[in-house]
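The values are calculated or read from the model by the stated rules, or taken from the named source; none is laboratory data. Keep in mind the model is a prediction, meaning the values are calculated, not measured. We place every Cβ from the backbone using ideal geometry, glycine too, and count neighbours over all the protein chains shown. Calculation scope for accessible area: heavy atoms of the full protein, side chains included, ligands and nucleic acids excluded. Shrake-Rupley method; radii C 1.70, N 1.55, O 1.52, S 1.80 Å.
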Amino acid sequence: MADNLGSQVASAVDEKIQEFRTLQETVNTLRSDLGTLMAQRNENELVKQELDVCDQEASEGGEAIVYKQVGPVLIKNDLSEAKETVEKRLEFISGEIKKTESLISKKEEQSQQLALKIQEMQSAMQKAAVEAAKAAAQQAA
């Protein structure tokens, strides 16, 4: 009977460990997504800086021509429209970064709580095993 109870507890611990691993995989995926978003933000910030240079040249009397790529074709684009598009893209990416960072911290917190629960369960299992061994030794004596 004690052996059956022990296997049930061990099974419960295994389930929690699998849940922990799944959480860790989710966190790793989210971190990868965060890296991609940060790279996109950096790229768009560079584009914004270049557009600011073009805007400055245009205000000094120079000609600033901006093109956007649509498929394999470059199409002339209005400078202000290009700047607005990049600004909106940066806002969207920043929002996604905040959302992803929030999810990561939430999942990491869940992971830490689950790790503590697993440690408690394993500790309880070890105590039960020691008590069972003592009881068996007493019965044998």
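Yes/no per residue for (1) within 30 Å of LEU114 (Cβ to Cβ); (2) of a type in the set (Phe, Trp, Tyr); (3) in a helix (DSSP H, G or I):
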position: SER7; (1), (2), (3): yes, no, yes
position: GLN18; (1), (2), (3): yes, no, yes
position: LEU30; (1), (2), (3): yes, no, yes
position: ASP33; (1), (2), (3): yes, no, yes
position: GLU45; (1), (2), (3): no, no, yes
position: VAL86; (1), (2), (3): no, no, yes
position: PHE92; (1), (2), (3): no, yes, yes
query: Just a yes or no: is a residue in the stretch 108-127 under 30 Å from VAL9 (Cα atoms) and among the β-branched types (Val, Ile, Thr)?
result: yes
task: Considering each residue of the stretch 66-84, count those that are open to solvent by 60 Å² or more (accessible area, probe 1.4 Å), touching a residue at least 12 places away in the same chain (Cβ under 8 Å) and either touching a Leu at 6+ places or on another chain (Cβ under 9 Å) or assigned to a helix (DSSP H, G or I) (or both), and give that number.
output: 1
